[in-house]
Amino acid sequence: MYKKAALICLPKQDLHRPPGALAILASACKEQKIDYEVFDFNLWLHNNTAEHQWNEINDNWESVDPFKQKNTLWYKLFLEKLSLFVDQILATAPDLISISVFSDLSACPCMEMVTMLNQRVQRESFKIVIGGTGIRAKLPSFASDLCLELLTTKSIDYFIFGEGEIAYRRLLQGQTGQGINDYDAEQIDDLNQFPFPNYEKIDPKNYKFIVQPEIVVTGSRGCVRKCTYCDVARYWPKYRYRTGQKIAEEMLHYWQTVNVNHFEFSDSLINGSLKQFMEMNQTLVELKQQYLGFDPQYKGQFICRDNKSMKERDYINMAEAGCKYLYVGVESFSNQIRWDMDKKFNNEDLDWHLKMCGKYGIKNSFLMLVGYPTEHLDDHKKNIQWLHENQHYAQSGVISLIVFGYTAGILEDTPLFHMQDQLGIVSEYADGNEFWANNWVSVNNPQLTLKERIRRWVELTDVATSLGYLMPRNEHYIKRFINILKTVKHKKRSFPIQASHV
Amino acid sequence: MQGYAPMQIKLLLEISRGHNWPTILISDCDISEIISDTGDVREILVRCCPTKNEIKLVRSNKDGSETVVVNGQILRDQTVTLKKIWVDDILLDLDLVLEMAVFRNEFTDDYINYCAERSVEMASVESHWHTWYFNGIWQWTFDEPFWPWYARQKRDYQNKHLSKEHIELYVGTSAKNHQDLMHTLRELLQNDV
């Protein structure tokens, strides 16, 4: 049994709201009656560096191999700050240091923090556990997954793969077992069984919120869709959801306890279970009437559905319940490509969705995937044509943002990864490990080279910009593309490529 | 200015009565319908097809007696509130519209005297107010083509009210901000790889 836990979050993460993992871990500690302190290094680093330094550090986590930049000024500054932060953590004398590794982009900061912790004289007085989806990141500088690398070298004591609620509670009690130091994670069937995440030691007001402080809410885990490019099923094979009633009650609880009215869902899809989604909206509308001042506003990832599944009445309820902003994985405006991706909606459904969102004041951020393996030039032209035809939705703000991402990558354990033979996918460059997921070309669609995918990305961002579509700051994408193109100049193709369209 | 392209504007108004309901005249108004009625408060949906680049709402029929006071407490008041506004069935950002529009108050004698006695300044032209307590004219002038103009107004509004960091991360920016980097990227793309 541990006496004091240090709960830590790392870059790279959104700064708008407290990371949900901290509050989930805090809730487990509270339940097990273990003292804890919360340390958000991401937020601390932001608050303790100049803006240009922060931007440089933050952008570089997305570079191909951040470890290769150890001698740069930004990396040295990062290590300097990290050292100061580690001092702060150890000053609280924890006997369990729990590090949340949110995504692959947190892998390098995790490696550095763990290294630094191991160099401290107090090392024998605490154990280190890491968890989160980023623990299986494959860093180019290492042979195996981050967690295996760290465990093998005894730099950490434990890793927790998959959902941490059960395994972390077990660890707090001084036990080990399934889901600890193995990939045999125990899936939680009933997401309603745990107490609400705890914000007693986390102040949402300290974060860089847009309008009002926000809190992350989880309504479901896993996904009802099996989009070919997505690796969500790797972490959460089975789709589980909470009742709409419970989710609405949790939001009310945050308003009552920490005075927060704005929420962001962590769900892969907030409308994965339509029944629960509608129940949540209905309950929120009722709670708003019961509790004066409870005026929730929420954002979340959403799947487009046809007008029979999502009727106008459902959009009215969403708006009345406080739905303000949706992230929609549109990926492509070509029906064929979306079909190939197994997205299960078409442009007609998208038109319906935009019409309803326009009418009821719900804004959208469109997430796009440029250069899917089956994307031909005609599909690319359909993307451009759609942007022209729907310009008014960008100008009116119904499409608030459009994000073109890094171009299509083939992630491990995704359906696409297992379809490589079927799609004739081979490595484009013999020695292209630095840009792993992007180093591919399909022999069935040989014109879609890495360079051509970047060219299409540039063309789409140019067209979108000229038409008034807005994008989040995309400097990191451009820098990465420049880096890739400079690197491949000196690399040998492993596959003969036809002339591109440039 | 280009020729005016017809568009449909929809207003959702909430009106409340004192002894009487307010009188509202809206330019180029086609249809209005009461969509809810609680006795003292009604919601009205008004559809207009403006023939020029403005929408004007004249609100009248209020005198001092329309603020019903019992034992020193206001029991009811005759008001008009703009709750929502749509152009071509797309809901506009109400705060932005209210910032652009103006309401020219026609104060009641009672109110003028009340302010004079207490040295309260009276602004006869007001933006931002979405509830009109006095008679007057609410006017919103826009430009054509509407949506590009609206997008520019929205950008200006956000630049005024949000921080640069928030705009870059959340509201979005234009790729023009990264012209140098994009130039390098284009050059690399033009070279044979």
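The values are calculated or read from the model by the stated rules, or taken from the named source; none is laboratory data. For clarity, every value in this text was computed on a predicted model and none was experimentally measured. Backbone-built Cβ (ideal geometry, glycine too); neighbour counts: all protein chains shown.
Starting from residues that are surrounded by 20 or more Cβ atoms within 10 Å (Cβ to Cβ) and among the charged types (D, E, K, R), keep the ones in segment A:83-116 and report whichever is farthest from A:Gly20 (Cα to Cα).
For segment A:83-116, the residue satisfying everything is A:Glu112.
How about segment A:446-494: which of its residues are part of a loop (DSSP other than H, G, I, E, B), free of Cβ contacts under 8 Å to residues at least 12 places away in the same chain and at the interface with chain B (Cβ under 7 Å from one of its Cβ atoms)?
So the first thing to find is which residues in segment A:446-494 are part of a loop (DSSP other than H, G, I, E, B), and the list is A:446-449, A:468-470, A:472-474, A:489-492, A:494.
Subsequent filtering for residues that are free of Cβ contacts under 8 Å to residues at least 12 places away in the same chain retains A:473, A:489-490.
Across segment A:446-494, the qualifying residues are A:Arg473, A:Lys489.
Return yes when B:Glu187 is under 30 Å from A:Leu485 (Cα atoms) and modelled with pLDDT of 90 or more and no when it is not.
yes
Within segment A:208-229, take every residue that is hydrophobic (A, V, I, L, M, F, W, C) and within 14 Å of chain B (Cβ to nearest Cβ) and give me the one that is farthest from A:Pro19 (Cα to Cα).
Residues of segment A:208-229 hydrophobic (A, V, I, L, M, F, W, C): A:209-211, A:215-217, A:223-224, A:227.
With within 14 Å of chain B (Cβ to nearest Cβ) added as a condition, the list becomes A:209-211.
On the way: A:Phe209: 13, A:Ile210: 16, A:Val211: 18 Å.
Here the answer is A:Val211.
Of everything in segment A:206-225, what is modelled with pLDDT of 90 or more and surrounded by fewer than 16 Cβ atoms within 10 Å (Cβ to Cβ)? Give them in sequence order.
A:Asn206, A:Gln212
Pairs please, first residue from segment A:104-117 and assigned by TED's automatic domain parsing to the domain that holds A:Leu84 and within 16 Å of A:Asp40 (Cα to Cα), second anywhere and polar (S, T, N, Q) and at pLDDT 95 or above, Cβ atoms under 7 Å, 6+ apart in sequence or on different chains.
A:Val114/A:Ser155
Could you run through segment A:287-339 and say how many residues are surrounded by fewer than 22 Cβ atoms within 10 Å (Cβ to Cβ), farther than 29 Å from A:Val258 by Cβ and of a type in the set (S, T, N, Q)?
Residues meeting the conditions: 4.
Just a yes or no: is a residue in segment A:385-402 without any contact (Cβ under 8 Å) to a residue 24 or more places away in the chain, within 12 Å of chain B (Cβ to nearest Cβ) and of a type outside the set (Phe, Trp, Tyr)?
Quick first cut of segment A:385-402, residues without any contact (Cβ under 8 Å) to a residue 24 or more places away in the chain only: A:389, A:392.
Now drop any that are not within 12 Å of chain B (Cβ to nearest Cβ), which leaves A:392.
Now narrow it down to the ones that are of a type outside the set (Phe, Trp, Tyr): A:392.
Within segment A:385-402, one or more residues are without any contact (Cβ under 8 Å) to a residue 24 or more places away in the chain, within 12 Å of chain B (Cβ to nearest Cβ) and of a type outside the set (Phe, Trp, Tyr).
Looking at A:Gln301, is it outside the structural domain of A:His16 (by TED's automatic domain parsing), more than 23 Å from the chain's Cα centre (by Cα) and more than 27 Å from A:Lys201 (Cα to Cα)? Please lay out each step first, then the result.
On the way: outside the structural domain of A:His16 (by TED's automatic domain parsing): yes; more than 23 Å from the chain's Cα centre (by Cα): no; more than 27 Å from A:Lys201 (Cα to Cα): yes.
No: the conditions fail for A:Gln301.
Can you go through A:Val370, A:Val443 and tell me which one is assigned by TED's automatic domain parsing to the domain that holds A:Lys355 and crowded, with 23+ Cβ neighbours inside 10 Å?
Values: A:Val443 fails: crowded, with 23+ Cβ neighbours inside 10 Å.
Result of the check over A:Val370, A:Val443: A:Val370.
Quick one: would you say B:Ile31 is surrounded by 13 or more Cβ atoms within 10 Å (Cβ to Cβ) and assigned to a strand (DSSP E or B)?
Values: surrounded by 13 or more Cβ atoms within 10 Å (Cβ to Cβ): no; assigned to a strand (DSSP E or B): yes.
The answer is no for B:Ile31.
Applying the selection to segment A:199-223, what residues are assigned to a loop (DSSP other than H, G, I, E, B) and closer than 16 Å to A:Gln187 by Cα? Working first, answer last.
Restricting attention to segment A:199-223, the residues satisfying the condition of being assigned to a loop (DSSP other than H, G, I, E, B) are A:199-203, A:207-213, A:218-219, A:222-223.
A:Thr218, A:Gly219, A:Gly222, A:Cys223, listed by residue number.
What number of residues within segment A:241-297 satisfy the criterion of being aliphatic (A, V, I, L, M) and free of Cβ contacts under 8 Å to residues at least 24 places away in the same chain?
First, pick out the residues of segment A:241-297 that are aliphatic (A, V, I, L, M): A:247-248, A:251-252, A:258, A:260, A:269-270, A:274, A:278, A:280, A:284-285, A:287, A:292.
Still in the running and free of Cβ contacts under 8 Å to residues at least 24 places away in the same chain: A:292.
Looking only at that region, the number is 1.
When you go through (1) in contact with a strand residue (DSSP E or B) (Cβ under 9 Å, 6 or more places away or on another chain); (2) part of a loop (DSSP other than H, G, I, E, B); (3) within 14 Å of chain B (Cβ to nearest Cβ) one by one for A:Thr407, which number turns out not to apply?
Looking at each condition in turn, A:Thr407 falls short on (1).
So which residues in segment A:347-363 are without any contact (Cβ under 8 Å) to a residue 40 or more places away in the chain and of a type outside the set (Lys, Arg)?
From segment A:347-363, those without any contact (Cβ under 8 Å) to a residue 40 or more places away in the chain are A:347, A:351, A:355, A:363; that's our starting set.
Residues satisfying the conditions are A:Asn347, A:Asp351.
Please enumerate the residues belonging to segment A:155-167 that are surrounded by fewer than 24 Cβ atoms within 10 Å (Cβ to Cβ), modelled with pLDDT of 95 or more and not in a loop (DSSP other than H, G, I, E, B).
Of everything in segment A:155-167, just one residue is surrounded by fewer than 24 Cβ atoms within 10 Å (Cβ to Cβ), modelled with pLDDT of 95 or more and not in a loop (DSSP other than H, G, I, E, B), namely A:Tyr158.
If I ask for residues that are of a type in the set (D, E, K, R) and either under 22 Å from A:Lys246 (Cβ atoms) or outside the structural domain of A:Gln245 (by TED's automatic domain parsing) (or both), which ones from segment A:203-235 would you list? Full working, then the answer.
From segment A:203-235, those of a type in the set (D, E, K, R) are A:203, A:205, A:208, A:214, A:221, A:225-226, A:231, A:234; that's our starting set.
Those that are of a type in the set (D, E, K, R) and either under 22 Å from A:Lys246 (Cβ atoms) or outside the structural domain of A:Gln245 (by TED's automatic domain parsing) (or both): A:Glu214, A:Arg221.
In segment B:81-101, which residues are within 14 Å of chain A (Cβ to nearest Cβ) and not aliphatic (A, V, I, L, M)? Before you say what the answer is, go through the steps one by one.
Taking segment B:81-101 first, the residues within 14 Å of chain A (Cβ to nearest Cβ) are B:83-97.
Residues satisfying the conditions are B:Lys83, B:Lys84, B:Trp86, B:Asp88, B:Asp89, B:Asp93, B:Asp95.
Which of the following residues is farther than 28 Å from A:Glu475 by Cα and without any contact (Cβ under 8 Å) to a residue 12 or more places away in the chain: A:Lys70, A:Lys76, A:Lys33, A:Lys3?
On the way: A:Lys70 fails: farther than 28 Å from A:Glu475 by Cα; A:Lys76 fails: farther than 28 Å from A:Glu475 by Cα; A:Lys3 fails: without any contact (Cβ under 8 Å) to a residue 12 or more places away in the chain.
The unique qualifying residue is A:Lys33.
From the list A:Glu459, A:Glu475, A:Glu434, which one is surrounded by fewer than 20 Cβ atoms within 10 Å (Cβ to Cβ), under 29 Å from A:Val398 (Cβ atoms) and either modelled with pLDDT under 90 or in the same structural domain as A:Arg136 (by TED's automatic domain parsing) (or both)? Write out each step before concluding.
On the way: A:Glu459 fails: either modelled with pLDDT under 90 or in the same structural domain as A:Arg136 (by TED's automatic domain parsing) (or both); A:Glu434 fails: under 29 Å from A:Val398 (Cβ atoms).
Result of the check over A:Glu459, A:Glu475, A:Glu434: A:Glu475.
Being of a type outside the set (S, T, N, Q) and surrounded by fewer than 15 Cβ atoms within 10 Å (Cβ to Cβ) is the requirement here; does A:Glu80 meet it?
Details: of a type outside the set (S, T, N, Q): yes; surrounded by fewer than 15 Cβ atoms within 10 Å (Cβ to Cβ): yes.
Yes: the conditions hold for A:Glu80.
Is it true that A:Phe142 is free of Cβ contacts under 8 Å to residues at least 60 places away in the same chain, of a type in the set (Phe, Trp, Tyr) and crowded, with 16+ Cβ neighbours inside 10 Å? Write out each step before concluding.
On the way: free of Cβ contacts under 8 Å to residues at least 60 places away in the same chain: yes; of a type in the set (Phe, Trp, Tyr): yes; crowded, with 16+ Cβ neighbours inside 10 Å: yes.
It is true that A:Phe142 is free of Cβ contacts under 8 Å to residues at least 60 places away in the same chain, of a type in the set (Phe, Trp, Tyr) and crowded, with 16+ Cβ neighbours inside 10 Å.
State whether the residues of segment A:371-392 include one that is part of a helix (DSSP H, G or I) and under 25 Å from A:Glu320 (Cα atoms). Give the derivation first.
So the first thing to find is which residues in segment A:371-392 are part of a helix (DSSP H, G or I), and the list is A:377-389, A:391-392.
Checking the rest, the ones that are also under 25 Å from A:Glu320 (Cα atoms) come to A:392.
Yes, some residue in segment A:371-392 is part of a helix (DSSP H, G or I) and under 25 Å from A:Glu320 (Cα atoms).
Would you point out the residue of segment A:343-359, among those that are under 16 Å from A:Ala319 (Cα atoms) and out of contact with any Asp or Glu (no Cβ under 9 Å at 6 or more places or on another chain), that is farthest from the other protein chains (Cβ to nearest Cβ)? Walk me through how you get there before you give the answer.
From segment A:343-359, those under 16 Å from A:Ala319 (Cα atoms) are A:352-359; that's our starting set.
Now drop any that are not out of contact with any Asp or Glu (no Cβ under 9 Å at 6 or more places or on another chain), which leaves A:353-354, A:357.
Details: A:His353: 13, A:Leu354: 9, A:Cys357: 9 Å.
Selected residue: A:His353.
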